[in-house]
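Taking it in order: structure first as C-alpha cells, then the write-up.
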Amino acid sequence: MHPAVIWFKRDLRVADHAAVASAYACAPDQPLRGLYIIEPGLWRQPDAAAQHWAFVAECLHELAAALHALGGELLVRQGEATAVLAELQAGRPFTHLLAHEETGNAFTYARDLAVAAWCRQVGVQFQEWPQMGVVRRLGNRDDWHLRWERFMRTAPWPLPNFGDSPQTQLSHPPDPRAPADVNLRQPSRALALPTSAHLGLHDSPPPRRQPGGRSAALAVLDEFLHDRCGQYRGGISSPLSAPTACSRLSPYLAWGVLGTREVVQATRARLAALEAIDVPWAARQQAGLKGFLSRMHWHCHFIQKLEDEPELEWRNLHRGYDGLREDEHNPAHFAAFTEGRTGWPMVDACVAMLRATGWINFRMRAMLVSVAAYPLWLHWRPVGLWLARQFLDYEPGIHWSQLQMQSGTTGINATRVYNPIKQARDHDPHGHFVRRWLPHMRRVPPQWLFEPWLMPPEVQAQCGLQVGVDIPVPLVDLAEALRTAKARLHGRRAQPEVRADVGEVVRKHGSRTFRDGSPRGGQTRSRGPRHAQAPSGAEAAPPPQMSLDF
C-alpha cells in the first residue's frame, strides 16, 4: 500500500508545496504519487473557459516532468472527485490524501466537503495546508496581518532530498535567478489530456495569452524583479505602459504555479540587495517592489473575504442592495458591453485587448465594471461571469469581492465611478491604445478621438467613416446615466435599514490598515464554524485591483 496521494488543485508546482514535502516525509523510500482530477462538473461551470484549460494543461505537462525528476509520477484522471478517489483506492490503496486548501467557487467548495466526507467514510486521513496568507475558520480579523506576515516569513517547504523533514529551515529565501528546482525537460511519460472541446469549452481562447508552466513563471518573475519593476510606480495605470510595468505574475499565482510565499520572499530578497546600490535606477526599482508587496497584502485580504463568506460569489455582500439591478437586466446593453460596442472607445478597446490577450491592467478592469454597473446599469453577477471567462488570471476570491466593490453593493466602500472619456484623456491622451485595438479609430482625427460620435457629417465623409455604422453610438447619454445611477445607489444607501446593517458587514469584512498601508482586516465568518465580534473601523481603500492583476 502506498501511504499518500498528493492531490493537486490550484497549486500546480512542487516547490514550497506542503503536500509534496509531507508525502516524502511520510514515506521517503516510496516514489511520490501525485493526482490531478479533470472534473467535468468544474469545467461546466459558467466561470470556466477554454483558455483556463489550455493554461492548466501546459502547467500539468511541466508538473508531471517535475515529479518524474523527483522519482515520482503524476496521475491524471477524469471524473468527479469522489468517484476518481474511490477507483484509485480500489486499485492502489492509500492511507493519506494530502492537499492545499482552496478558496474557489461554489463548485470546489461543495466538492471539498464531499471529498472530506468520503475520506471519513473510508478511513483515509485528509490533510490540507494553507498555501497563502488566507486563514481557514478565522474567527477574528484583528490579527490577520500578523498571521499573514508570519506565513510569509516562514521558511518554504523543501523539495524531497533538500532537507531532513518538512520543517527543515532554509537559510535564504528562494532566488528566481537560481537554476530551476527540478529539470523540467527530463524525459517523462507524456500526459494524454483532453482538448477544451472535449470538456465542453467551445469558446475561442485569446491568441496572445501568457503561456502556462513553471519555467515560464520563473522567467517572468526574474524579469520583473531585476528589470521591469522599475516601471511599476507610475506605469501600471495606463493600458499603454501596464503590459510591461505590471508584474504579469497574476496567472501563475492564480493557478498556483508560483507560491505566494516564494514570490514575497524573492521580492524581499531583491529589495535587500537593492538597498546596497546607490544609483537612481535602484531607487526606482525599490519603489516599484514596495508597491508590489503592498498589493500582495491586498491579494490575500480579498481572497479572505470569499473564504469567510462563500455566498458573496452570487449574492450581494450587503443584503440591503438586493433588487437594486437584478430585475432590470438589459440584454442589449449586456451584448454591446461584451462585444465591445458600447461606443466609448476606451471601453471597446479594452474589450478588444482582453479578447486578444486574456489580460488588461487593474484600472481598466475597474473601469469596465464601473461602466457596466453605472451608465449601463447591469448587475455584477452576469458581468462577473463573463469577465471570469475573459481573465486568464481569474481568482474567485479577488474577482467577486472586486465586482461587488466596484458595483457599490458592499455597503462599506466609497462609490467608485470611472468616466470612460476621462480615463481615455488621462491614460491614452494621444489615442495610441485606442487606435491599436480599434482599427476604425485610426482614421478619426485627434480632436474627435474621445467622443467620435460627435464628428460632423463632413468630417465623417472626409475620414470615410459613418457614425452609427463604422463607429457605434454610445448606448446612453453618459452624464445623464451617471447622475441617475448615482442617485439610485445613494438613495438605497441612505435608507435607514441599509445604514443600520453596515456595521455587520464591517464586522465581517472591513479592513484596518497599518501605517504602511497593509491591511489588517475586520471580523469575518469562516467556511468552518461562524464567529463574530464587533470591531470598530471601516473598509480602507485598497488599490482598485481585480483578478490578481498586479
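The values are calculated or read from the model by the stated rules, or taken from the named source; none is laboratory data. The model shown is predicted, which means the values in this text are computed figures rather than measured ones. Here Cβ is always computed from backbone atoms with ideal geometry, including for glycine, and neighbour counts include all displayed protein chains. Only protein heavy atoms, including side chains, enter the accessible area calculation; ligands, DNA and RNA are left aside. Shrake-Rupley method; radii C 1.70, N 1.55, O 1.52, S 1.80 Å.
Spelling out what I want: for every residue of the stretch 39-56, take phi, set θ = phi - 60°, compute 6.51 cos²θ - 1.76 cosθ + 1.60 (Karplus), and round to whole Hz; glycine and proline get x.
Once rounded to whole Hz, the list reads 9, x, x, 5, 7, 8, 5, x, 9, 9, 9, 4, 5, 4, 5, 4, 5, 4.
Work out, step by step, the length gained on full extension between V122 and R341: first 0.36 nm times the residue separation, then minus their alpha carbon distance; give nm to one decimal.
Full extension of this stretch gives 73.4 nm more.
Is the shape of the stretch 332-419 best called rounded, prolate or oblate, per the rule: a/c under 1.5 gives rounded, else a/b larger than b/c gives prolate, else oblate, with a ≥ b ≥ c the square roots of the Cα gyration tensor eigenvalues?
Oblate, since a/c reaches 1.5 and b/c is not below a/b.
Can you give the convex hull volume of the alpha carbon atoms of the chain per residue, in Å³?
About 155 Å³ per residue, rounded to a whole number.
Using the heavy atoms of the protein chains alone and a 1.4 angstrom probe, what is the accessible area of the stretch 298-381 per residue in square angstrom?
23
Taking only protein heavy atoms into account and a 1.4 Å probe, give the accessible area per residue of the stretch 57-149 in Å².
Value for the stretch 57-149: 40 Å² per residue.
A90 to Q495: FRET efficiency via 1/(1 + (r/R0)^6), r the Cβ-Cβ distance, R0 41 Å, to the nearest 0.05?
So the FRET efficiency works out to roughly 0.10.
Want the number for A190 to Q466: 0.36 nm per residue separation, take away the alpha-carbon distance, what's left?
Difference between extended and current length: 94.0 nm.
Find how much the distance from R488 to I277 grows on full extension, using 0.36 nm per residue of separation minus their present alpha carbon separation; answer in nm with one decimal.
70.6 nm
Using Cα atoms only, what is the angle between the long axis of helix 380-390 and the major principal axis of the chain, expressed in degrees (0 to 90) to the nearest 10?
Here the helix axis deviates by roughly 70 degrees.
For the stretch 17-163, rounded, prolate or oblate, judged on the Cα gyration tensor with a ≥ b ≥ c (square roots of eigenvalues), a/c < 1.5 rounded, else prolate if a/b > b/c?
Verdict is rounded for the stretch 17-163.
Sort the following peptides by mean Cβ neighbour count (other Cβ atoms within 10 Å, averaged over residues), highest first: 324-337, 233-246. Present the calculation step by step, with values, prior to reporting the outcome.
Values: 324-337: 15.3, 233-246: 19.6.
So the peptides 324-337, 233-246, ranked by packing, come out 233-246, 324-337.
Ordered by packing density, taken as the mean number of other Cβ atoms within 10 Å over each peptide's residues, highest first, how do 54-66, 451-463 rank?
54-66, 451-463
Helix 214-226: angle to the longest alpha-carbon principal axis of the chain, degrees 0 to 90, nearest 10?
The two axes meet at around 60 degrees.
Which distance in nm do the two modelled labels at W453 and R436 give, with both placed 7 Å along the Cα-to-Cβ direction?
Between W453 and R436, the simple spin-label model gives 2.6 nm.
Is the stretch 393-460 best put as rounded, prolate or oblate by its Cα gyration tensor, with a ≥ b ≥ c the root eigenvalues, rounded for a/c under 1.5, and otherwise prolate when a/b is larger than b/c, oblate when not?
prolate
Let's test the formula: R0 of 30 Å, r as the Cβ-Cβ distance of R77 and N161. What FRET efficiency results, to the nearest 0.05?
Once rounded, the FRET efficiency stands at 0.65.
Tell me the carbon and sulfur percent of the accessible area for the chain, rounded to whole percent, probe radius 1.4 Å.
Reported share for carbon and sulfur atoms: 52 percent.
Does anything in the stretch 363-388 have its amide N under 20 Å from the 7 Å Cα→Cβ label point of S204, and if so which residues?
Flagged as within label range: 386-388.
Can you give the helix-only mean residue ellipticity at 222 nm for the chain, where every DSSP H stretch with n ≥ 4 adds -39500 (n - 2.57) and the sum goes over all residues, rounded to the nearest 500 deg cm²/dmol?
It comes out at -13500 deg cm²/dmol, rounded to the nearest 500.
Tell me the per residue accessible area of the stretch 400-452 using a 1.4 Å probe; a whole number in Å² is fine. Don't skip to the end; give the middle numbers.
Values: 2110 Å² over 53 residues.
The answer is 40 Å² per residue.
Please list H297, H432, H226 from largest to smallest accessible area, probe radius 1.4 Å, with all protein chains kept in place.
Working: H297 15, H432 115, H226 45 Å².
Putting H297, H432, H226 in descending order of accessible area: H432, H226, H297.
By per-residue mean of other Cβ atoms within 10 Å, what is the highest-first order of 351-359, 401-409?
Most protected by this proxy first, the peptides run 401-409, 351-359.
What is the helix-to-structure angle for 362-373, meaning the angle in degrees between its Cα long axis and the longest Cα principal axis of the chain, kept from 0 to 90 and rounded to the nearest 10?
It is inclined by approximately 60 degrees.
Give, as a single signed number, the net charge of other residues whose beta carbon lies under 12 Å from the beta carbon of P452, with Lys and Arg counted +1 and Asp and Glu -1.
Surrounding charge for P452 is 0.
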